[in-house]
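S.K.: The following block contains the structure, expressed as C-alpha cells.
We did not get these values from a lab; they are worked out from the coordinates using the rules stated. This one's a predicted model, so the numbers in the text were calculated from it and none came from an experiment. No Cβ is skipped: glycine too gets one built from the backbone with ideal geometry, and neighbour counts run over all protein chains shown.
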2 protein chains.
Amino acid sequence: MPREITSFSNDTVKRIRALRDKKARRAEGLFLAEGLRIIAEARDEGFLPELIAFAPKGAEHPLAASIIEATEAAGGDAILTSPDILSKMTGKDNPQSLVAAYKQPDTSLAEIDRSKADLWFVGERIRDPGNIGTMLRTADAVGAGGLILVDDSADPFSVEAVRASMGALFTNQIAQASWEEFVPWLRSGPSQLVGTSLQTDHDYLDAPYAAPCFLLVGNESQGLPEAYEAECDLLVKIPMAGRADSLNAAVATAVTAFQIRASWRNR
Amino acid sequence: MPREITSFSNDTVKRIRALRDKKARRAEGLFLAEGLRIIAEARDEGFLPELIAFAPKGAEHPLAASIIEATEAAGGDAILTSPDILSKMTGKDNPQSLVAAYKQPDTSLAEIDRSKADLWFVGERIRDPGNIGTMLRTADAVGAGGLILVDDSADPFSVEAVRASMGALFTNQIAQASWEEFVPWLRSGPSQLVGTSLQTDHDYLDAPYAAPCFLLVGNESQGLPEAYEAECDLLVKIPMAGRADSLNAAVATAVTAFQIRASWRNR
C-alpha cells in the first residue's frame, strides 16, 4: 500500500522538490521524471523508479496503477498525496499527476560500447537542457546509440531535459566527459569524428560518413573551438539559404544525423 | 535624447511589462524583442522599434547606440532606465540590457506572396512557442518563405518565440489562419501540400516534392487530424529507428525541409 503524505513540510516532499536542483541530484544520485508517458516509457525499458508520488487522479489509469504496484514490489517508495502537495514537489501550478525519482546511471565513457551503434552524438558545452533532451529524442529516432556531453554542458538529468527527451533518456546511453578524456577514449577504437562547422565548404550532403560516426555539435552561441575542429576527421556544413548563419543546435544535429543515415541507405 | 524613467510605477514600465501577455500584445499591436542580437537583426531587415528601453550599459555598444539614435530619429520612444526597472519590464532577474517593442505585422494570408519562395512551412496547432521560433529560424536557414500557423497555435509574437527565432521573425513572413481559411487560399494558386505523418509508408527520402511546396506539420502530441491528412497531396514519413514514434515538431519540420531542398539540388 502506498503511504500517504498530507503535510507540505514532510521531509520527502522537500527531498523531491530539491531534486529540481543539480546539486541535490548529484548528492542523491537521483533525477525526476514527470507524467505517465515518460514513466511508462521508462518501465518499458526496464526502469522502475526508486520513488513515485501521485495525486489520487494519477493512480486512476491502469498503466499508472501497475507501475505504482511494480515500484512497491521492487522495494520502491509509493506516495499518495494531494494535488497541492504534488504542485509543491514539482514547483508547478499544474503538475502532472505523477512524479517519479530514478537512479542516475553511470555516465562515464567506459560505460559506452561503441559497437552497439554506428552513429553517436557528441554535444560540446550544450547549455540549453531542452536542446539536450531534444538531441536524445532525435538520437533514439535516428537509431544513434546515445549522447556524449563534452566539457561544461547542461545537466541531462534536469527536469527540462528529461521532459524534452520524451523518455529517450531511458533508451539512450549518456556519457559526460572533458574533451581531454573524450579524445583518447574516442581514438582507442574505430571512430570518425564529424564536426558541424561554418569553417568548411564541405557540404553535409556530399560527405563520406563512416561508422562508427561520432557527430560533434558545438555550443549554441559559439560553435566548436578551433582546436576541437582540428581534431575532426571531417568537417561538414549545412548551407544556409537565408540571413541566418546557424541553426538551433538540436536542429543542426538532427538534420546532419538523418543525412548520415540517408547516405548509408544503400551501403 | 532618450527620456529617463526612474520609477517602477511608471506607466510605460507597466505597459512594456504587459506586453508579455498575448492580450496586451493584441490590444497594442506590439511585441517585444530582447537583446542586441535580435534588435540588430531587425534593423538590418529595415525594422526599427516603436519603443526601445535600455540600462546605461545597454547603450554602450556602438551598434546599440546607433539603433537607439535611429529609433528616435524615426519618431520612436527611447527610454533610459535602471537595470532593476529593466528587470521589472522583462520579468527576468538578469534581463538583456536592451528591450524593444515592435509593431506586429499583418498576419493575414492575403499578405503572403507564394511566388516569393518555393517552400513554405505550415504549422497546425503548434503549442510550444519555442517550437514556433525554431521553425522560423529553420525557415530562414533553409530558404523557406515563412510560416503559416493554422488553427489554435501559440503566439509567434510571444517573447519565447521571438527569442527562439533568433531574429528570423523579422526575415520570414508569418500568417495565422483557420484551416477553413487556409485550404481555399492554398488552392487558389499553385500548391503542393505535404504532410508529415505516421499514417503512410512513403519515405520522406523518396518523395516527389514540387514547388511551391507547403510543408504541413501537426500538433506536438496529436499530429495532424485525419481530415487534414486527406487534404494533403503527399504524405511522407521519417522512418524511426528506435523506440520513439515521433520527433520534436520543429526537428521533424527541419529534417523534412532540408530533404526537400536536397531533392531539388539537381533540378
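S.K.: Could you work out the local net charge near A:Pro208, counting Lys and Arg as +1, Asp and Glu as -1, over the other residues with Cβ closer than 13 Å to its Cβ?
M.R.: My count for the surroundings of A:Pro208 gives -2.
S.K.: Give, to the nearest whole percent, the P(r) tail of chain B beyond 23 angstrom, counting all Cα pairs.
M.R.: 54
S.K.: Shifting gears a bit: Could you compute how fast segment A:109-263 diffuses translationally, taking Rh as the Kirkwood radius over C-alpha pairs and applying Stokes-Einstein at 37 °C with viscosity 0.692 mPa s? Give it in µm² per second.
M.R.: Working: Rh = 15.2 Å.
For these conditions, the coefficient is 216 µm²/s.
S.K.: By the scheme Lys and Arg +1, Asp and Glu -1, what is the net charge of all other residues having a beta-carbon under 13 Å from that of A:Val13?
M.R.: +2
S.K.: Apply the Karplus parameterisation 6.51 cos²θ - 1.76 cosθ + 1.60, with θ equal to phi minus 60°, to every residue of segment B:152-162 and state each ³J(HN,Hα) to the nearest whole Hz, in sequence, with x for glycine and proline.
M.R.: Result, ordered by residue: 8, 8, 5, 7, x, 9, 5, 4, 5, 5, 4 Hz.
S.K.: Going down the table (A:Lys92/B:Lys22; B:Lys116/B:Lys237; A:Lys14/A:Lys88), which pairs top 19 Å between alpha carbons?
M.R.: Values: A:Lys92/B:Lys22 21 Å; B:Lys116/B:Lys237 27 Å; A:Lys14/A:Lys88 8 Å.
Result: A:Lys92/B:Lys22; B:Lys116/B:Lys237 exceed 19 Å.
S.K.: I want to verify the translational diffusion coefficient of the protein assembly as shown in µm²/s; compute it with Stokes-Einstein, Rh as the Kirkwood radius over Cα pairs, at 10 °C and 1.306 mPa s.
M.R.: Result for D is 64 µm²/s.
S.K.: Under 10 Å, Cα contacts only: if you run a Gaussian network model on chain A, which one of A:Glu220, A:Glu34, A:Glu111 comes out with the highest mean-square fluctuation?
M.R.: A:Glu111
S.K.: Then there's this: Could you list the square roots of 5 times each eigenvalue of the Cα gyration tensor of segment B:3-103, that is, the equivalent ellipsoid semi-axes, sorted largest first and rounded to whole Å? Intermediate values should be presented prior to the final figure.
M.R.: Details: eigenvalues 68, 53, 29 Å².
One finds semi-axes of 18, 16, 12 Å for segment B:3-103.
S.K.: Would you order A:Glu69, B:Glu226 from fewest to most other beta-carbon atoms within 10 Å of each residue's own beta-carbon?
M.R.: B:Glu226, A:Glu69
S.K.: Which of the listed residues, A:Phe54, B:Gly143, B:Gly189, is farthest toward the dipole's positive end in the protein assembly as shown, when Lys, Arg count +1 and Asp, Glu count -1 at the beta-carbon?
M.R.: My answer, from the dipole projection, is A:Phe54.
S.K.: Could you tally the net charge around B:Leu86, taking each other residue with its Cβ under 13 Å from the Cβ of B:Leu86, Lys/Arg +1 and Asp/Glu -1? Please report the intermediate quantities before stating the final value.
M.R.: On the way: positive: B:Arg17, B:Lys57, B:Lys88, B:Lys92; negative: B:Glu4, B:Glu34, B:Asp84, B:Asp93.
Every neighbour counted, the sum reads 0.
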